[in-house]
């Protein structure tokens, strides 16, 4: 069975909720195993709201962690407040996100794949982490030994010097993206901003579905662009062509300002995807998974 860790900027946008539902349902059906979800933004409702969302999905065996030292405080609180009001938990009840990554990777019985649909400072911190009470191995050793693949929703790959929110909107995000992409020893597949932009999903949900309520709280009751769910569905299918994409292989770099570049090379360790099907193909696939 394939195993995953999810990193999410839970609260920055509402497409994270759609992505989490897809993963939670696949986990609940026993199609995959989700070892944990780490939040790479921070408000007082961060971990409690994701915990409650997973509880509603019936998958409380998925651990939640949060970057308690994140310098970015979400200013626009939407669905998190509603969800966290339904539990008495606080962020203090949850593990630090870097420790969650280390624990999940170290304790895994087999290969791990990591999905990142937010900022990259947590996964960068896990990669550069030192031995501790969880494992005598460094983060680099753990990644080399057990992390089979990284899937990242980030970057803008239809142009050189692309600028995309997850990689370059804040100084901490720029540092995290540059550090991780520069040092990562694992293969990476990128799904860029240009893929999910203007492709709407979540518009077929019942009005009493709590996922619809989360989207509506965010102002996306009629659906939302689909960056994060497209990355998750691509990863779950695990085959770019079957998922409806062409692939460009090579070497990705992200500079210290979070700007992305790509050099094509058929033998490179990185790749980004390009849509090969009409938008309805992807929106129908995602809506069928969440409705």
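The numbers here are math on the coordinates, done by the rules we state, and not lab data. Computed from a predicted model, the values in this text were never measured in an experiment. Quick reminder, even Gly has a Cβ in these numbers, built from the backbone with ideal geometry, and neighbours come from all protein chains shown.
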Q.
Show me the ranking of peptides 63-69, 128-134, 53-59 by mean Cβ neighbours inside 10 Å, starting with the highest.
A. 63-69, 53-59, 128-134
Q. Nearest-5 percent of antiparallel DSSP beta bridges in the chain?
A. 35
Q | Rounded, prolate or oblate (a/c below 1.5 giving rounded, otherwise prolate when a/b exceeds b/c) for the stretch 176-291 by Cα gyration tensor | A | prolate
Q | Cα gyration tensor category, rounded, prolate or oblate, for the stretch 233-291 with a/c compared to 1.5 | A | prolate
Q | Three-way shape call for the stretch 1-144 based on the alpha-carbon gyration tensor, with the a/c threshold at 1.5 | A | oblate
Q. What percent do you get for the relative contact order of the stretch 117-188 when only Cα pairs under 8 Å and 6+ apart count?
A. 42
Q | Separation in nanometres of the label points that stand 7 Å from Cα toward Cβ, at residue 267 and residue 87 | A | 4.8
Q | For peptides 202-215, 219-232, sequence by mean Cβ density within 10 Å, most packed first | A | 219-232, 202-215
Q. For the chain, what does -39500 (n - 2.57) per DSSP helix run (n ≥ 4), summed and divided by total residues, give at 222 nm, in deg cm²/dmol to the nearest 500?
A. -10500 deg cm²/dmol
Q.
Sort 19-26, 81-88, 136-143 by the packing proxy (mean of other Cβ within 10 Å over each peptide's residues), most packed first.
A. 19-26, 136-143, 81-88
(Q) Run the numbers for residue 279 and residue 128: contour at 0.36 nm per residue of separation, minus the present Cα-Cα distance, in nm. (A) 50.5 nm
Q) When the chain is treated as a GNM, springs tying every alpha-carbon pair under 10 Å, which of 99, 76, 163 comes out with the largest mean-square fluctuation? A) 76
Q) Please state the relative contact order of the stretch 80-236 as a whole percent: Cα pairs under 8 Å, 6+ residues apart? A) 21
Q: Evaluate the relative contact order of the chain (contact order divided by residue number), counting alpha-carbon pairs under 8 angstrom at least 6 apart; express in whole percent.
A: 19
Q.
Distance between the C-alpha centers of the stretch 121-142 and the stretch 41-93? Whole Å please.
A. 24
Q) What residue among 244, 11, 30 shows peak mean-square fluctuation when the chain is described by a Gaussian network model with Cα springs under 10 Å? A) 30
